[in-house]
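Chemist: Sending over a structure as structure tokens; questions will come in a sec.
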Amino acid sequence: MSTSPATIKDVAREAGVSVATVSRALNGAENVLPHTRQRILDVARELRYAPSGAARSLITRRTDTVGALLPDLHGEFFSELIRGIDQAARARGLHLLLSSSHDDVHEAAAALRAMNGRVDGLIVMSPHADDDFLSQNLPPTLPAVLLNSGVQGARQPVFAVDNFGGARAMTEHLVGSGRRRIAFLGGPAGNFEAQERRRGYEAGLPAGSRPVLLSGDFSEQSGYAAGAALAALAAGERPDALFCANDMMAVGALHAFADAGLRVPDDIALAGFDDIPLARYMRPALSTVRVPIAAMGTKALDALADALDVGDRSRALAQPPRTVIPVELVVRESCTQKFP
């Protein structure tokens, strides 16, 4: 008895039809009689026939694979985002191909070029995804969805977090809780999200207040460095609150404060942005701006899959919406009310 995998020719022979009829039946073509289709499906099941993905792609011109280009794959934010994308892809019967640009424009361009022809569509989250970058590296016929992009009027749908509104709300909360000198630890230069969160912070300060801006790069290391620098200041010179542009920097800052013997929130309040799963388990638990990270990935994948289901893909994406994803203020122990 042969142990070789069954081929499409084996199915055709057992079902008494041509190879072309088997191909049409297995790919859902309408020009196959119902009883013939059922016989072919029964034979394929009995023979445990698994269609070749490459062969099917030649027929359908679909790979049933979608790509996701992200700035990084490290950290809880991206693991949550990938989880949301992957769950939605599985529900649609799609495979997911991941790539990271490591926050480098040349690697981002290379990744997009490498995915062309291998995927049916793309989810792109990159600080470099401006109009010029997209026009040079993204084929106009390849459906794509952008995440947290500042591109306006793009032909790709855009899902963007309300970074400005969330940062303003957190800053106003810190002011309302009695904090008077609030420092802001920003993200990488040129990053759209970081810029919007900084704008929100500045908008949330009382009129006449002077912003206290620190440089970060969204990493724990930059958070620790900023926290250590603040801890080294004399008590009268030190801000009484630090608002970090993401939670990972807040994690680093909290460790720096602890190493220096500063108490959070008694000596200095601390807040972040994103509400990664770790935030609620820190001690003290981190106040933050909650972003529905996994749900954002799911929404992006669903929008992309819907576009793939439309015959004229270029027309389906000709006038895409820009969807602003609402955020939520989450107040925990790290920035409770300050008393005189």
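The values are calculated or read from the model by the stated rules, or taken from the named source; none is laboratory data. Everything quoted here is computed from the prediction, not taken from an experiment. As a convention, Cβ positions derive from the backbone with ideal geometry for all residues, glycine included, and neighbour counts pool all protein chains shown. The protein model used for the area step is the full one, side chains on, heavy atoms only, and it has no ligands, DNA or RNA in it. Shrake-Rupley method; radii C 1.70, N 1.55, O 1.52, S 1.80 Å.
Chemist: Filter the stretch 320-339 for residues that are among the basic types (Lys, Arg) and open to solvent by 70 Å² or more (accessible area, probe 1.4 Å); which is modelled with the highest pLDDT?
Modeler: Looking at the filtered set, the residue picked out is Arg322.
Chemist: Can you pull out the residues in the stretch 252-277 that are surrounded by fewer than 24 Cβ atoms within 10 Å (Cβ to Cβ) and in a helix (DSSP H, G or I)?
Modeler: Result: Gly252, His255, Ala256, Phe257, Ala258, Asp259, Ala260, Pro277.
Chemist: Here are Arg90, Arg168: which of them is in a helix (DSSP H, G or I), within 19 Å of Thr65 (Cα to Cα), open to solvent by 10 Å² or more (accessible area, probe 1.4 Å) and of a type in the set (D, E, K, R)?
Modeler: Testing whether each residue is in a helix (DSSP H, G or I), within 19 Å of Thr65 (Cα to Cα), open to solvent by 10 Å² or more (accessible area, probe 1.4 Å) and of a type in the set (D, E, K, R) leaves just Arg90.
Chemist: Further, regarding this structure: With the condition kept exactly as written, say whether any residue in the stretch 67-75 is buried (at least 18 other Cβ atoms within 10 Å of the Cβ), on the phi < 0 side of the Ramachandran plot and touching an Asp or Glu at 6+ places or on another chain (Cβ under 7 Å).
Modeler: Yes, because at least one residue in the stretch 67-75 is buried (at least 18 other Cβ atoms within 10 Å of the Cβ), on the phi < 0 side of the Ramachandran plot and touching an Asp or Glu at 6+ places or on another chain (Cβ under 7 Å).
Chemist: Does the stretch 134-141 include one or more residues that are touching a residue at least 24 places away in the same chain (Cβ under 8 Å), open to solvent by less than 10 Å² (accessible area, probe 1.4 Å) and not in a loop (DSSP other than H, G, I, E, B)?
Modeler: No, the stretch 134-141 contains no residue that is touching a residue at least 24 places away in the same chain (Cβ under 8 Å), open to solvent by less than 10 Å² (accessible area, probe 1.4 Å) and not in a loop (DSSP other than H, G, I, E, B).
Chemist: Pull up the stretch 217-234, narrow it to residues that are more than 20 Å from the chain's Cα centre (by Cα) and open to solvent by less than 30 Å² (accessible area, probe 1.4 Å), then point me to the one that is farthest from Arg180 (Cα to Cα).
Modeler: Looking at residues that are more than 20 Å from the chain's Cα centre (by Cα) and open to solvent by less than 30 Å² (accessible area, probe 1.4 Å), I get Ser222.
Chemist: Give the number of residues within the stretch 235-251 that are open to solvent by 40 Å² or more (accessible area, probe 1.4 Å) and of a type in the set (Asp, Glu).
Modeler: Total meeting the criteria: 1.
Chemist: Any chance you could count how many residues in the stretch 112-130 are under 19 Å from Ala300 (Cα atoms) and in a helix (DSSP H, G or I)?
Modeler: Number satisfying all stated conditions: 2.
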